[in-house]
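Undergrad: Here it is, the structure, as C-alpha cells.
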Amino acid sequence: MKIKILISVFIVTFLFTFIHSSSSSNLKNSMKTVTNLEISSKVKTYWTNLFSTPQATNCVGKTPTKLMAMDPYYFGQFKKGKGKFYWVKQWGFDNSAYLFDFIDPEMRKDVCAEFKLVYNEVFKLPTKNPKPKTKAKGVDPSLPFDPWRDPYELKKMNPKQASLIDFKIYEKAINTVQLNQAIDKYSWFKNPLVSNPGKKMVSDHDFNNDGRLSPREFIIAALRVNDRKLGSNECTLCFEKSIEKIDAIFEFLDCDNNGLVSAEDIFDGLKTFKRKTQLWNFYSLANQAKIRTHVTNDFVLKSMATVNGNLTKEEFRRGMIYGFWNRQTDDYKIIDDDSKNIKHLRWRSNSIDISAERYIKAVAGVEIKHAKAMQEAVSGDTKAKSKASQSSVSSSYQKFFSSSMSSSSSSSQSSSSSSSSSSSSSSSKSVGLNDMFKY
C-alpha cells in the first residue's frame, strides 16, 4: 500500500514538473518572439537613421561572470564610498570623454532639449499653496505630510546654512512643493517606504545644501528616482525620446541578443554610427594605430554593476544619460555648447586627437632611435646611414599620420602636416602613456 502511494506521489510530482517546465518554456519562447517583433518594428527607423550598416548577426561573446544583484531602489555600486554623494562618478569625462565627443553631433542637441523641457515644466509649478487659507482643502488626508509645505523653507533654515546660499542658483532651483506636484502629475516613481518623496529627492541630491534642487541637481534626481520607470512608458516627462534612442543604440550593439554589451561590442558597433561631420572622430587614428580602445573600457567600468566587463540595457542607458548630464549641466542652466565638456583639451582644430598624435610621434621617435643604433652597430659609416634611416622612418610616420587624417578639413591637415614634420627634430624625447592620455 505504501509503495503504491509513493509511486502515485512520484507520478503526480513528475507530471506537475513536466507541465510547469513546458509551460514556462513556451512562455519564454513566446516572450522572446514578442520581444524580437517589438525590436524589429520599434527601432528599425532608429537603426536606419543612426547606423550606416545593418546589425551584425555573427558576434557571440564569452559567457559573462555575474558579480552582484542590482540595488532595488537606486542602482548598486561595488563599494559604498565615503560621503553622502559617493555614487557620483566622472561620467562623460576621463577616457570615455572621447566616446561622448564622437556621438555629440547626433545626440547632444536632442538630449539637452529634453533636459530643458523637463526642468522648465517642473519649474513652472507653484512653489507654495496658491490658496493658503484653504490649506486642508485638496490635500489627501491619508498622506503623512502636507505636500504644500516646504520643510527646507528659507526662513526656517539654520542661519549659518542660509548665509552660504548662492541666491542666483537658489532662484532657479526647484523646491519640495514643486517636486511633490511633479511626482503626482507625471506619475513619477514613489517609494512606498518614503513618507515625503519630494523631501527625499532634495535630501539625496542637494549637492550645495541650499534646500532646493538646481537645474543640475534636479536632472540627476529625476533620472535616478525614475530609474525603474525609464523606457517603460509608465510616466511622462521621463526623458522618453532620449531613452528611446539610447535603448535603440544598445539593441543594435547587442548583436548576439544576450541582453549585454561589452567594451568590444561598443567599440566595434559604433564604427558605423552615422555622423554628419568628421570632427571629434576618435576612430580616425584608432583604426590604424590600434589605440583608443580604452575609451569604451572606461565607459563600461564606470557603469557596470551586474556582470563583469559587460553592461545591461539599464546600465548602458545610465552610462549614456548620466554622461550627458555631467557634461551639459551646471547649477545655473542646461548647457547647449562645449563650454563645460573641455573638448579643446582633447582636440586641435576639433579634428586632431592631441594625445593620440603625441603617442604616434613618440612611437616614431623610438623607431628612429632604434634604427640609428642598428646602423651604428652594423656600419662604420654611421652618420650617413643613420641620417637616411631617420629620414625614412620620419617620412613613413608623416605618410601614416596624413593618411589617417585625410577626412579632416584642409586647415586640420596643414596643422597635422606641420606637427609631423617637426616631430623628427624632437623625436628623441620619449613620452609616457600616462602623459599621453591624461584627458
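The values are calculated or read from the model by the stated rules, or taken from the named source; none is laboratory data. All figures in this text were calculated on a predicted structure; none of them were measured in a lab. No Cβ is skipped: glycine too gets one built from the backbone with ideal geometry, and neighbour counts run over all protein chains shown. Remember, those area values only see protein heavy atoms, side chains included, never the ligands or the DNA or RNA. Shrake-Rupley method; radii C 1.70, N 1.55, O 1.52, S 1.80 Å.
Undergrad: Quick check on my filter: what residues within the range 161-175 are more than 25 Å from E121 (Cβ to Cβ) and outside any loop (DSSP other than H, G, I, E, B)?
TA: From the range 161-175, those more than 25 Å from E121 (Cβ to Cβ) are 161-164; that's our starting set.
Q161, A162, S163 - these are the residues of the range 161-175 that are more than 25 Å from E121 (Cβ to Cβ) and outside any loop (DSSP other than H, G, I, E, B).
Undergrad: Could I ask something else about it? Just checking, does the range 45-58 include any residue being at pLDDT 95 or above, aliphatic (A, V, I, L, M) and closer than 22 Å to F299 by Cα?
TA: First, pick out the residues of the range 45-58 that are at pLDDT 95 or above: none.
So far as the range 45-58 goes, no, none of its residues is at pLDDT 95 or above, aliphatic (A, V, I, L, M) and closer than 22 Å to F299 by Cα.
Undergrad: Residue by residue through the range 304-341, note down the ones that are hydroxyl-bearing (S, T, Y) and in a strand (DSSP E or B).
TA: The initial filter retains those residues of the range 304-341 that are hydroxyl-bearing (S, T, Y), namely 306, 312, 322, 329, 332, 339.
Within the range 304-341, just T329 meets the criteria.
Undergrad: If the Cβ limit is 7 Å and pairs must be 6+ apart or interchain, which residue in the range 226-251 that is more than 24 Å from N180 (Cβ to Cβ) and in contact (Cβ under 8 Å) with a residue 60 or more places away in the chain pairs with which residue that is among the hydroxyl-bearing types (S, T, Y) and surrounded by fewer than 22 Cβ atoms within 10 Å (Cβ to Cβ)?
TA: K245/Y46; A248/Y46
Undergrad: Of all the residues that make up the range 239-261, how many are over 13 Å from R318 (Cα atoms) and outside any helix (DSSP H, G or I)?
TA: Qualifying residue count, the range 239-261: 8.
Undergrad: Counting only residues that are open to solvent by less than 10 Å² (accessible area, probe 1.4 Å) and of a type outside the set (G, A, S), how many does the range 181-213 have? Talk me through it step by step, then tell me what you get.
TA: Applying the first criterion (open to solvent by less than 10 Å² (accessible area, probe 1.4 Å)) to the range 181-213 yields 182-183, 188, 198, 201-202, 205, 210-211, 213.
Next cut, of a type outside the set (G, A, S) only: 183, 188, 201-202, 205, 210, 213.
Going through the range 181-213 one residue at a time, the tally reaches 7.
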